[in-house]
Amino acid sequence: MSENKKIYLKKGKEESLMRRHPWVFSGAIARVSAEIEEGEIVDVFTSTGDFIARGHSQVGSIAVRVLTFEQEPIDQQWWNERVASALEVRRALGVVGCEKTTCYRLVHGEGDNLPGLVIDIYGSTAVVQCHSVGMYLSLESVVEALKANYGEALRAIYNKSSQTLPFKAEVDAEDGYLWGHGEGEEVVLEGGHKFAVNWAKGQKTGFFIDQRANRELVAHYAKGRNLLNTFCYTGGFSIYALAGGAKSVTSVDSSGLAIELVDRNVALNFPEGAPHKSAAMDTFDFLRTVEDGEYDMMILDPPAFAKHHKVLGNALQGYKRLNARAMEKIAKGGILFTFSCSQAVSKEQFRLAVFSAAAIAGRKVRILHQLTQPTDHPINIYHPEGEYLKGLVLYIE
């Protein structure tokens, strides 16, 4: 086996790696031993020549995503063991083999020591997303590791990486089945509720698994309330609210495909009908049509307003404007669930945006809950950036 190319850091720039943070930034690099291709495995050394990490090279501000801090081979056994470790965690959480829930996240990037890789399980299909060229070039090893760990329980593996690779990546990524076959869609269970998940045409891997625990909380508060679910995607919050006894539910999303799936999911779970209506419409436009006090429960779960720090200011203004509009409209005594899934936005920044919105709306607001991602989206303690989902449950007077 040929020797990995070497990256040498500037003096003192090894400190974050000594704390086991899994990224090497381009500004920390002093020199390299040879020209490096994006995605290849490299070894990282301190300025004095001591080995410190091994990982995938990358073009951009993050120059290396660390796979290991040991001088160990990144071979098929290594991949099998990493996937086995992730699977064991999900078994401990009780999401593997659960009769009421047949979808879960198996690999959550840095949270599972596999930076740049996301794998979601939908029934007997694994949907893979690569966020780095290194992981994309490792797909064959990922497939073999999944097959080794799941055996006959896995029917197909689907690649959904074309929209998640870095925009400067010089690879021609195409979505499609890496192994096995299927229709691109499957009806899965979450909390006993049925959801049609379309990984071929849908957003992300097909379903927002990261809101599972928060959907359960929505069901807790929904009884007897008129709920508006904005940016609803396939209606996860709507289904839980209806099951929780909501008086009425309105689902809004700008995507017509999403609204079709919402209506299908409502029919799957309530074949005899439910107090539900939907609208394929921009959320801000829809809020302009809402009468003051028409809804006494609202959900704001927008897509990431900031995918990187360069647009952070605009994103915070967006959160402030959205929350202010909702607070102006919601009934007295209303419950507002509001979220940010932008990794670039900190919990403190999000809370400040919501605080500013409350001041603009002139409403008295109490925080009832502070929410985050579920347990199958673990956070590497050395990588706090992995805590991307932030949410607040507010009582609006």
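Rounded to the nearest whole Hz, the Karplus-based 3J(HN,Hα) values (6.51 cos²θ - 1.76 cosθ + 1.60, θ = phi - 60°) of the range 244-261 follow the sequence x, x, 4, 5, 7, 9, 10, 10, 10, 7, 6, 8, x, 4, 4, 5, 4, 5, with x at glycine and proline.
Scaling against 2.2 N^0.38 Å puts the C-alpha radius of gyration of the range 1-125 at 1.22.
Distance between the modelled labels on GLU216 and ALA92, one decimal in nanometres: 1.8 nm (7 Å Cα→Cβ projection). Dividing the convex hull volume of the alpha carbon atoms of the chain by its residue count gives 142 Å³ per residue. The average projected area of the range 5-68, computed from the convex hull of its Cα atoms over all directions, is 3.5 nm².
In plain terms, the chain from PHE355 to ARG31 could stretch by 112.0 nm, reckoned as 0.36 nm per residue minus the Cα-Cα distance.
For GLU397 and TYR177, the FRET efficiency from 1/(1 + (r/R0)^6), where r spans their Cβ atoms and R0 equals 45 Å, is about 0.30. For the range 227-309, a Kirkwood hydrodynamic radius built from all Cα pairs, placed in the Stokes-Einstein relation at 37 °C and 0.692 mPa s, yields a translational diffusion coefficient of 251 µm²/s.
Axis of helix 76-93 versus longest Cα principal axis of the chain: the two differ by about 30°, to the nearest ten degrees. In terms of overall dimensions, the range 126-285 has a Cα radius of gyration and Dmax of 17.8, 53 angstrom. Tell me the mean residue ellipticity at 222 nm calculated for the chain from its helices only (DSSP H runs of n ≥ 4, each -39500 (n - 2.57), averaged over every residue, nearest 500). Helix contribution divided over all residues of the chain: -8500 deg cm²/dmol.
Put simply, the Cα atoms of the range 335-397 extend 39, 20, 14 Å along their principal axes, the longest span coming first. Applying the Kirkwood pairwise sum to the alpha-carbon positions of the range 179-260 produces a hydrodynamic radius of 13.3 angstrom.
Beta bridges from DSSP with both residues in the chain: antiparallel share about 65 percent, rounded to the nearest 5. As a rough footprinting exposure proxy, the listed residues LYS194, LYS390 were ranked by other beta carbons within 10 Å of their own, and the order from fewest upward is LYS194, LYS390.
By the count of other C-beta atoms within 10 Å, a proxy for reagent exposure, THR101, THR205 are ordered fewest to most as THR101, THR205.
Legend: P(r) of the range 208-396 from all alpha carbon pair distances, 10 Å bins from 0, whole percents, reading 10, 38, 38, 13, 1. Note on the range 61-121: semi-axes of the ellipsoid equivalent to its C-alpha gyration tensor, largest first and rounded to whole Å, are 25, 14, 8.
Projecting label points 7 angstrom from Cα along Cα→Cβ for LEU257 and GLN370 puts them 3.7 nm apart.
Can you give the local net charge around LEU371? Use residues other than it whose beta-carbon is closer than 13 angstrom to its beta-carbon, Lys and Arg +1, Asp and Glu -1. Charge balance near LEU371 sits at +1.
Taking one quarter of the surface of the convex hull spanned by the alpha-carbon atoms of the range 134-206 gives a direction-averaged projected area of 5.8 nm².
In plain terms, the residue of TRP179, TRP23, TRP199 with the fewest other Cβ atoms within 10 Å comes first and the most crowded comes last, giving TRP179, TRP23, TRP199.
Extents of the range 76-189, taken as max minus min of Cα coordinates on every principal axis and listed largest first, are 42, 31, 20 Å. Inter-label distance, ARG20 to GLU81: 1.5 nm, where each label sits 7 Å from its Cα along the C-beta direction.
Read-outs throughout are calculated quantities, based only on the coordinates presented, and are distinct from any laboratory measurement. Quick caveat: nothing in here was measured; it's all calculated off a predicted structure. FYI the Cβ positions are ideal-geometry reconstructions off the backbone, even for glycines, and counts take in every protein chain you see.
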